[in-house]
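The values are calculated or read from the model by the stated rules, or taken from the named source; none is laboratory data. Note that the structure is predicted; figures quoted are calculated from it, not measured. So basically every Cβ, Gly included, is an ideal-geometry build from the backbone, and we count neighbours across all protein chains shown. Accessible surface areas use protein heavy atoms only, side chains included; no ligands, DNA or RNA. Shrake-Rupley method; radii C 1.70, N 1.55, O 1.52, S 1.80 Å.
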Amino acid sequence: KVSVLESVEQLREDDQGETTFVLAATDENLEAVRTHENQVYIPSTMLTADNQNSDLHVYFDLENYPFYQKAKEVISKEAKPKGVFRFRRSVKQATNNALFAEDLYVLSALLGEPQDVHVKQTDRSVTTKHIIIMMNFGGGTMAHIEYKVTNQERIELEWSGIKNIIEFDSDEMNPIKPRGKTTLPLAYSVDSILATAHKVDQALVDRLNHFEQLI
């Protein structure tokens, strides 16, 4: 059972039971619910030095998208995936590199430990931020990752493997024509968050910090 709340006060009034409560991901709400006995799940981008020692679970949005889960299922059939992974992501804002670091964390969990990483990005004074990351995982596996800060949310994914080719474009998820008159947002379920979330420990924190420092 899922209950979407507008405030933490509603949580105090509700019967805990088997209900999963959903609150807006704000620092104020996080501080308020940390005093409760509930298990707390937050986006990994909210993880800071102040709350790293808390009893928290974090989730990565890329890991929860149904299209990524399907791609992961196909790619993981090989013990050591061989191919080229292309990932392009447009975001509306990026105040720090936490989102990019979590994507690299997820992709490394799928493709292996990167042996060589090259990062290029536009000057910080440029309005449209653009980052290109090349990752060589060895054994014939590479990833080409692009990020752009623009006025829309969009994800494109391609996998060119030995036996499989996968393509996905979130813009093609629009179920109604003409194009541009409606949008289907990138979304995932509460069930998926509960299934994929990671318990915060020092190894996870160090890994995320490693990728953030690379960028």
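Taking segment 141-171, which residues are open to solvent by 30 Å² or more (accessible area, probe 1.4 Å), of a type in the set (S, T, N, Q) and more than 16 Å from Ala187 (Cα to Cα)?
Correct list: Thr150, Asn151, Ser160, Asn164.
Restricted to segment 74-98, and to residues that are open to solvent by 80 Å² or more (accessible area, probe 1.4 Å) and either modelled with pLDDT under 80 or over 16 Å from the mean Cα position of the chain (by Cα) (or both), which residue is nearest to Leu47 (Cα to Cα)?
Across segment 74-98, the extreme among qualifying residues is Thr95.
Would you confirm whether or not segment 44-53 contains a residue that is modelled with pLDDT of 95 or more and either within 23 Å of Arg207 (Cα to Cα) or surrounded by 13 or more Cβ atoms within 10 Å (Cβ to Cβ) (or both)?
No, that holds for no residue.
Determine the pairs where a residue that is within 11 Å of Leu99 (Cα to Cα) and assigned to a strand (DSSP E or B), located within segment 37-66, has a partner that is open to solvent by 20 Å² or more (accessible area, probe 1.4 Å) and not small (Gly, Ala, Ser) with Cβ atoms under 7 Å apart, the partner being 6 or more residues away or on another chain.
Listed by first residue and then by second, the contacts come to Pro43/Tyr59; Pro43/Asp61.
Kindly evaluate Tyr68 against the criterion of being touching a helix residue (DSSP H, G or I) at 6+ places or on another chain (Cβ under 7 Å), of a type outside the set (S, T, N, Q), open to solvent by 40 Å² or more (accessible area, probe 1.4 Å) and closer than 24 Å to Ile166 by Cβ.
Numbers: touching a helix residue (DSSP H, G or I) at 6+ places or on another chain (Cβ under 7 Å): yes; of a type outside the set (S, T, N, Q): yes; open to solvent by 40 Å² or more (accessible area, probe 1.4 Å): no; closer than 24 Å to Ile166 by Cβ: yes.
Answer is no for this residue.
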